[in-house]
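Accompanying notes for the structure given below.
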Amino acid sequence: MAAYDVTVIGSGPGGYVAAIRCAQLGLKTAVVEKWPTFGGTCLNVGCIPSKALLHASELYEEAGHGFADMGIAVEPKLDVAKMLAFKDEGVAGNVKGVDFLFKKNKIDTFRGTGSIAGQGKVKVTAEDGSVQEIETRNTIIASGSDVARLPGVEIDEKRVVSSTGALTLDQVPGKMVVIGGGVIGLELGSVWRRLGAEVTVVEFLDKILPPEDNEVSKQFQRILGKQGFKFKLSSKVTGVDTSGKTLKVSVEPAKGGDTETIEADVVLVAIGRVPYTKGLGLEEAGIAMDERGRIKTDDHYRTNVPGVWAIGDVITGPMLAHKAEDEGVACAELIAGQKPHVNYEAIPSVVYTYPEVASVGRTEEQLKKDGVAYNVGKFPFTANGRAKVNRTTDGFVKILADKTTDRVLGVHIVGPDAGTMIGEVTLGMEFGAAAEDIARTCHAHPTLSEAIKEAALAVANRAIHM
Ligand code: FAD
Ligand code: NAI
């Protein structure tokens, strides 16, 4: 008999949640993690540290500008070392939490690189080279993702950084060039801009946040522009000269043309992430991967090798912590013989800038492409009482509903607390809500969420405050 029912490789949001759910279901469970702390990218170098710095830098900027308008006179003084310590404490608290949950659920943990070592076996190679073999009925691979590299631009994590280095800069760069106008570029670009850097974003495509609705991208770019962000769209970085004290970034039009040089103290490479499969022994085990290096699974997270499952960033779909978590739960329940389901039509996505950008479901562009007839309801925060009094009026709510059935197909919010507000419409979509259902739901006054109700009313052309 195998020692374990399930062995999970990787302790990120996918892996640790899968392990806990397995244990709850009575399965004897082990976790293999090669990093010194649990929690994966998200807790150690992703979601959690970036949100700590976004929170602190937002308050710093507000104290410098917004407070005075409210009659609060303060002169904020920046202590970067202390801000980084604040972030590190937050990370430590979170990773310790995972440790606690493993113990509470009687999950065994192994330190080292896990690899598939034949039918029902996982090999764990510790940093000192010692090897252990685990016998297991099932293996869940939750090895996550890694930074995508740009050919010709070498990341040293000091002056040319990935998100990981951008979370530990010990002083504010005078000038920062961000390669990639996606989530990481805009979140971490916001952190350092708020703290005093002049930030230029170089984006290959003709819009920032490419997966978002075009109207969202456009308006959000305007808002960030007012905050001081500079953008070079439809442009590509062809090299970074690191020989001098100041970095020289070569930029040319995406379609080719004259090269321009931009000077920078720090360059942040944020052009996406790639699945991480190094050291797993996938080829030897015969586990199939797709053309983008992701582990191939069926709709139930099964790889082509019996007893080996995969979830999270290492498989297809959005690289988001909550997507990995929901797959972790579903995979555990499938192993236990249950019939769970993850609804990929209702996975919210949030950019934690100021204002936040949050969306769920399809964009207008996708609906047009899919040939779906729809109605649009839009409501700006300039017409929301709470936003007005708080002077946080940048942004809007946009609801897309099926023209015939009124069913909500997509919701897009640019605005303060958009990330919290997207929860209500995600729940609505899970229950198959019509825009009319949201419009007839009583929303507390005065709250920002009234903008959602008004946008739902606007779908039927009857918004009250506009
Ligand atoms: P990971 O979290 O990457 O965990 C994989 C784990 O597996 C790691 O601990 C790794 O060490 C371990 N591992 C890999 N191979 C092996 C092996 N062979 N043996 C043993 N261990 C192994 N998502 C959000 O939803 N919200 C956010 O706000 C957000 N912010 C982010 C900010 C940044 C800067 C970054 C980089 C990412 C952010 N993400 C965010 C994305 C999020 O971090 C990922 O989607 C999520 O961590 C994926 O979870 P996972 O479990 O699939 O993999
Ligand atoms: P991203 O995919 O969000 O954005 C990358 C951007 O770089 C895109 O706009 C792309 O067009 C552009 N790009 C690609 N190649 C380029 C080039 N050569 N030159 C210029 N621009 C180029 O990837 P990002 O920002 O690196 O983040 C990786 C992933 O991490 C995200 O997709 C997301 O899944 C996750 N993440 C999620 C967060 C959240 O949920 N709040 C926060 C941070 C990361």
Item to check | Positions within segment 300-314 being open to solvent by less than 30 Å² (accessible area, probe 1.4 Å), in a strand (DSSP E or B) and either of a type in the set (Lys, Arg) or within 14 Å of ligand 2 (Cβ to nearest atom) (or both), in sequence order | outcome: none
Checklist outcome for this item: Flagged pairs (Cβ under 7 angstrom, 6 or more apart or on separate chains; first in segment 315-327, open to solvent by less than 50 Å² (accessible area, probe 1.4 Å); second among the hydroxyl-bearing types (Ser, Thr, Tyr) and within 12 Å of ligand 2 (Cβ to nearest atom)) are 320/349
Next on the checklist: Being in a strand (DSSP E or B), near ligand 2 (Cβ under 10 Å from one of its atoms) and crowded, with 18+ Cβ neighbours inside 10 Å is the requirement here; does residue 178 meet it?
Outcome noted: yes
Checklist entry - Scanning segment 334-363 for residues that are assigned to a helix (DSSP H, G or I), away from ligand 1 (no atom under 16 Å from the Cβ) and over 19 Å from residue 11 (Cβ atoms), which turns out most open to solvent (accessible area, probe 1.4 Å)? => result 345
Next on the checklist: Exactly one of these conditions fails for residue 18: (1) open to solvent by 10 Å² or more (accessible area, probe 1.4 Å); (2) near ligand 1 (Cβ under 10 Å from one of its atoms); (3) among the hydrophobic types (A, V, I, L, M, F, W, C); (4) more than 24 Å from residue 352 (Cα to Cα). Give me its number.
Outcome noted: (1)
Checklist entry - Within segment 37-89, how many residues are touching an Asp or Glu at 6+ places or on another chain (Cβ under 9 Å), more than 16 Å from ligand 2 (Cβ to nearest atom) and in contact (Cβ under 8 Å) with a residue 24 or more places away in the chain? => result 5
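Restricting to segment 364-401, count the residues that are of a type in the set (Val, Ile, Thr), surrounded by fewer than 20 Cβ atoms within 10 Å (Cβ to Cβ) and without any contact (Cβ under 8 Å) to a residue 60 or more places away in the chain.
Pass one, segment 364-401, residues of a type in the set (Val, Ile, Thr): 372, 376, 382, 389, 392-393, 397, 399.
Next cut, surrounded by fewer than 20 Cβ atoms within 10 Å (Cβ to Cβ) only: 372, 376, 382, 389, 392-393.
Restricting the remaining residues to those that are without any contact (Cβ under 8 Å) to a residue 60 or more places away in the chain gives 372, 382, 389, 392-393.
Result for segment 364-401: 5.
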Item to check | Positions within segment 149-175 being within 15 Å of ligand 2 (Cβ to nearest atom) and under 18 Å from residue 83 (Cβ atoms), in sequence order | outcome: 161, 163, 164, 165, 166, 167
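Could you check segment 128-175 and list, in sequence order, the residues that are part of a loop (DSSP other than H, G, I, E, B), among the polar types (S, T, N, Q) and buried (at least 18 other Cβ atoms within 10 Å of the Cβ)? Quick ask: steps written out before the conclusion?
From segment 128-175, those part of a loop (DSSP other than H, G, I, E, B) are 128-130, 142-144, 148-149, 151-152, 154-159, 162, 167-174; that's our starting set.
If we keep only those that are among the polar types (S, T, N, Q) too, we end up with 130, 143, 162, 168, 171.
Across segment 128-175, the qualifying residues are 143, 162.
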Checklist entry - Can you name the helices (runs of 4 or more DSSP H) wholly within segment 1-77 that have at least 3 residues being at pLDDT 95 or above? => result 13-24, 40-45, 47-64
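The values are calculated or read from the model by the stated rules, or taken from the named source; none is laboratory data. Just so we're clear, the structure is a prediction, and the values are computed from it rather than from any experiment. Don't worry about glycine lacking a Cβ; one is built from the backbone with ideal geometry, like all the others, and counts go over all protein chains shown. Surface accessibility is based on the protein's heavy atoms, side chains included, excluding ligands, DNA and RNA. Shrake-Rupley method; radii C 1.70, N 1.55, O 1.52, S 1.80 Å.
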